[in-house]
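Here the structure comes first, spelled out in structure tokens, and everything after it is commentary.
The values are calculated or read from the model by the stated rules, or taken from the named source; none is laboratory data. Please read all numbers here as calculations on a predicted model, not as lab measurements. For neighbour counting, all protein chains shown are included, and Cβ atoms are generated from backbone atoms with ideal geometry for every residue, glycine included. Note: areas computed on protein heavy atoms with side chains; ligands, DNA, RNA excluded. Shrake-Rupley method; radii C 1.70, N 1.55, O 1.52, S 1.80 Å.
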Amino acid sequence: MNKFTQLTEFTPKHQHRAYVNSAVRFHTPCTKEDRLAAAIKAGWNVFQFPSKFTVGDFLSDSGTTTPTIEQLAASLLGDEAYGTNWGYEQLLEQFEKTFGITLLGDDAEWEIFLFHQCRAAEHALFTQIGRGKKGLIIPSNGHFDTTHANIEMNGIEALDIVSVNDHFFLGNIDTTKLFRTLNTENVPLVYCTVTNNTMAGQPVSLENIADIRRWCDKFKKPFFLDACRFAENAWFIKENERQRSTIPEIVHEMFSLCDGFTISLKKDGLANMGGALCVKKGTVLFEEYPDILDNLRDHQICTEAHPTYGGMSGRDIMIVVEGLKTVVTQEYLDSRILQVRAFGDYLDELGIPVVKPFGGHAVYLDVDKFYEGTLMRREDFGGISLTALLLLNGPRLCELGAFAFGTYDPKTGKETFPPFNYVRIAIPRNKYEIEDLFYAADCIKNLHNKRDFIPRAVCTHGKEKTLRHFKARFELQYK
Ligand code: F0G
């Protein structure tokens, strides 16, 4: 080693980001009173709160990515043609490179359907899967809420069977339950969400994906991935299962094991808009659904647009082309996931109950543990109160627990609750510096110190509604 390089050899305590800022946006100056007035007007519903008053907007990691200058430059080259814009071919080439699938040429093994976002792709797929059929069940390690809703709206049961056995891969499907379901139920396809957003953003192992493939082969069933956070999932596979492989190699292996996938390009597409459904041709799916490609194409044309842009503008398409290049680089993913981890570690040091190990895109607070020893009960929706009060400091978080996934029966007046009770702090990609996250953690710590005095959240509107967390209004009240 050279003398000079030797002198500068050390292990830094802090890791630099993989990028620098090339444009910034200043916060809108506002007072706590401005925020209070806005929060009351919003019925303390975080979704209705104006983003201009947030300092640290952790509502979602979806569509909130700060673009790279390469993406911005590419967007200027977007071709807004009605048919076969020039970005479309680039997009197909990039999908081929990123996912290791073939889409171009006469011998292409896959077909792609573009949508404006993933839920439109889910809607198209499950409309076809459910059409004219009864008694179907689609098992998954964890259906996202829109996936779940799209499945059930088509008369199919959405079943979550997450495993609790693996040390690193807490997002895995329970293969014993999968076997039982395949053996006894009418399953049109098996789904696996990488990473498992519903289960605190936990990753799925390559071994688990390969096991699903084997069971699907045995029972002659198609296997689809919900691939929204595929690159983050690949990072965890590299860390804990495949140290010697590169991220692109792992991604190719993941996608070689499935018969199709839906993807929101608003996550690991690093774009602000976009979604896709990709289907491998000639698989077992076509035995039950021989016309599915034609039907999906008709659905796409009727509800979205021409197949070569499908609900995305030419600019969006170019942004995705660039995003899919960046997202599988080791530097980007290290920077991304280690930032989430540093934030989680800091919350943990502060004594805030967090779900561990940390997933790829968010840190989840355990609401039941947060209020342990206080008078707060699940029916008091302490997660809602916490997210509501935090708005006054600036950070916006999202309750994904007793309220979002609970239900109210107006006939009996009873609430039912999900098995977990979380608040999610989703970290947008390339947007915040660690200080912003530490600030949010300090605000949470302040309320944790005062947890005995946090009021309950009483739902004054919408508690009986479907997807009620988007629509409800609350009052904060002391008992
Ligand atoms: N699947 C998963 C695993 C998701 O996390 C999401 C969206 C979707 C499908 C639907 O994608 O928004 O493009 O229609 N998740 C966002 C979130 C909304 O905040 O977790 P979309």
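All of A23, A39, A73 fail the test of being at pLDDT below 95 and not charged (D, E, K, R), apart from A23.
Just checking, does region 266-274 include any residue being open to solvent by 40 Å² or more (accessible area, probe 1.4 Å) and within 16 Å of the ligand (Cβ to nearest atom)? Yes, because at least one residue in region 266-274 is open to solvent by 40 Å² or more (accessible area, probe 1.4 Å) and within 16 Å of the ligand (Cβ to nearest atom).
Take the residues in region 419-431 that are more than 16 Å from the ligand (Cβ to nearest atom) and out of contact with any strand residue (DSSP E or B) (no Cβ under 8 Å at 6 or more places or on another chain), then tell me which one is most open to solvent (accessible area, probe 1.4 Å). This residue is P419. Against the numbered list (1) open to solvent by less than 60 Å² (accessible area, probe 1.4 Å); (2) under 27 Å from C228 (Cβ atoms), L72 comes up short only at (1). Screening E399 against (1) out of contact with any Pro (no Cβ under 9 Å at 6 or more places or on another chain); (2) more than 16 Å from the ligand (Cβ to nearest atom) leaves a single unmet condition, (2).
Mind checking whether some residue in region 292-306 is of a type in the set (D, E), out of contact with any Pro (no Cβ under 8 Å at 6 or more places or on another chain) and part of a helix (DSSP H, G or I)? Within region 292-306, one or more residues are of a type in the set (D, E), out of contact with any Pro (no Cβ under 8 Å at 6 or more places or on another chain) and part of a helix (DSSP H, G or I). Considering region 114-137, the residues that are part of a strand (DSSP E or B) and closer than 29 Å to N272 by Cα include one that is nearest to the ligand (Cβ to nearest atom), namely F115. The residues on offer are E33, E80, and the sole one that is assigned by TED's automatic domain parsing to the domain that holds A440 and out of contact with any Asp or Glu (no Cβ under 6 Å at 6 or more places or on another chain) is E33. Of all the criteria given as (1) assigned to a loop (DSSP other than H, G, I, E, B); (2) open to solvent by 10 Å² or more (accessible area, probe 1.4 Å); (3) within 14 Å of the ligand (Cβ to nearest atom), the one not satisfied by F168 is (3).
Rundown of residues vs (1) assigned to a loop (DSSP other than H, G, I, E, B); (2) surrounded by fewer than 24 Cβ atoms within 10 Å (Cβ to Cβ); (3) without any contact (Cβ under 8 Å) to a residue 40 or more places away in the chain, yes/no style:
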position: E322; (1), (2), (3): no, yes, no
position: D334; (1), (2), (3): no, yes, no
position: Q339; (1), (2), (3): no, yes, no
position: D348; (1), (2), (3): no, yes, yes
position: G359; (1), (2), (3): yes, no, no
position: Y364; (1), (2), (3): no, no, no
position: L386; (1), (2), (3): no, yes, no
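State the number of residues belonging to region 148-165 that are over 10 Å from I138 (Cβ atoms), out of contact with any Ser or Thr (no Cβ under 9 Å at 6 or more places or on another chain) and open to solvent by 70 Å² or more (accessible area, probe 1.4 Å). Count: 2. Within region 234-250, the only residue that satisfies the criterion of being in a loop (DSSP other than H, G, I, E, B), in contact (Cβ under 8 Å) with a residue 60 or more places away in the chain and closer than 17 Å to G100 by Cα is T246. Residue check: L277 meets all listed conditions (1) open to solvent by 10 Å² or more (accessible area, probe 1.4 Å); (2) within 14 Å of the ligand (Cβ to nearest atom) but one, namely (1). Of all the criteria given as (1) farther than 19 Å from A276 by Cβ; (2) within 16 Å of the ligand (Cβ to nearest atom); (3) out of contact with any His (no Cβ under 8 Å at 6 or more places or on another chain), the one not satisfied by T198 is (3). Step by step: first the residues of region 237-260, then only those that are open to solvent by less than 10 Å² (accessible area, probe 1.4 Å) and closer than 18 Å to H361 by Cβ, then the one that is nearest to the ligand (Cβ to nearest atom). Which residue is that? Among those that are open to solvent by less than 10 Å² (accessible area, probe 1.4 Å) and closer than 18 Å to H361 by Cβ, it is M254. Looking at F49, is it buried (at least 16 other Cβ atoms within 10 Å of the Cβ) and not small (G, A, S)? Answer is yes for this residue.
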